[in-house]
Amino acid sequence: GAGSPPPPPAGHVVESRSKGGSIMNLTLEGTSTFQGGATCGDFYCVLITEGSLTIENCEIRNAGLSCVKVVGDGGDSFPVLRGNSIHHANQCGILVTNEAKGLIEDNEIFENRFSGIEIRNRSCPKVRRNNIHNNR
């Protein structure tokens, strides 16, 4: 209606192939919505397909898929996820796949529809000191 804000754009909130860089102290909110029990907007809040992006002290929430997906695919994916609050994904809080690496530490990961952290397909991130709870 009149005066209503426009809907958020569809797509990933952050998509990174960067060799470096940082995102700090922000809220990254996905575009997931529900209509009749079905999810509309199958996107990640953060999709990292290459490089060493650092995400620190952020709130990452409400993803149509996983809040964060890290993909190796023969590239050099080694992101750092530190001190974040990661919650309310329709899949995993963090998905690391296809030989990806990275450092996942000191995060609060909760209330995700699947696991807090899922590691697949010969991926080997360092995971330490995370508080992972109330995931399904």
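The values are calculated or read from the model by the stated rules, or taken from the named source; none is laboratory data. Since the structure is predicted, the reported quantities are computational estimates derived from the model, not experimental observations. So basically every Cβ, Gly included, is an ideal-geometry build from the backbone, and we count neighbours across all protein chains shown. SASA here: full protein model, heavy atoms, side chains in, ligands and nucleic acids out. Shrake-Rupley method; radii C 1.70, N 1.55, O 1.52, S 1.80 Å.
Comparing Gly30, Gly64, Gly21 in a Gaussian network model of the chain, where Cα atoms under 10 Å apart are tied by springs, the biggest mean-square fluctuation is seen for Gly21. How much of the DSSP beta bridge set in the chain is antiparallel, as a percent to the nearest 5? Around 5 percent of the beta bridges assigned by DSSP in the chain are antiparallel ones.
Only protein heavy atoms count here; under a 1.4 Å probe, Lys69 has an accessible surface of about 40 Å².
Val71 sits among other residues whose Cβ lies under 14 Å from its own Cβ, and their net charge, with Lys and Arg +1 and Asp and Glu -1, is -1. In plain terms, the chain from Asn25 to Leu103 could stretch by 26.3 nm, reckoned as 0.36 nm per residue minus the Cα-Cα distance.
In this simple spin-label approximation, Glu111 and Asp73 carry label points 7 Å from Cα along the Cα→Cβ vector, and these lie 3.2 nm apart. Among Ser52, Ser77, Ser18, which one moves the most in a GNM of the chain with springs linking Cα atoms closer than 10 Å? Top of the fluctuation ranking is Ser18. For the chain, the solvent-accessible area of protein heavy atoms averages 51 Å² per residue (probe radius 1.4 Å; ligands and nucleic acids excluded).
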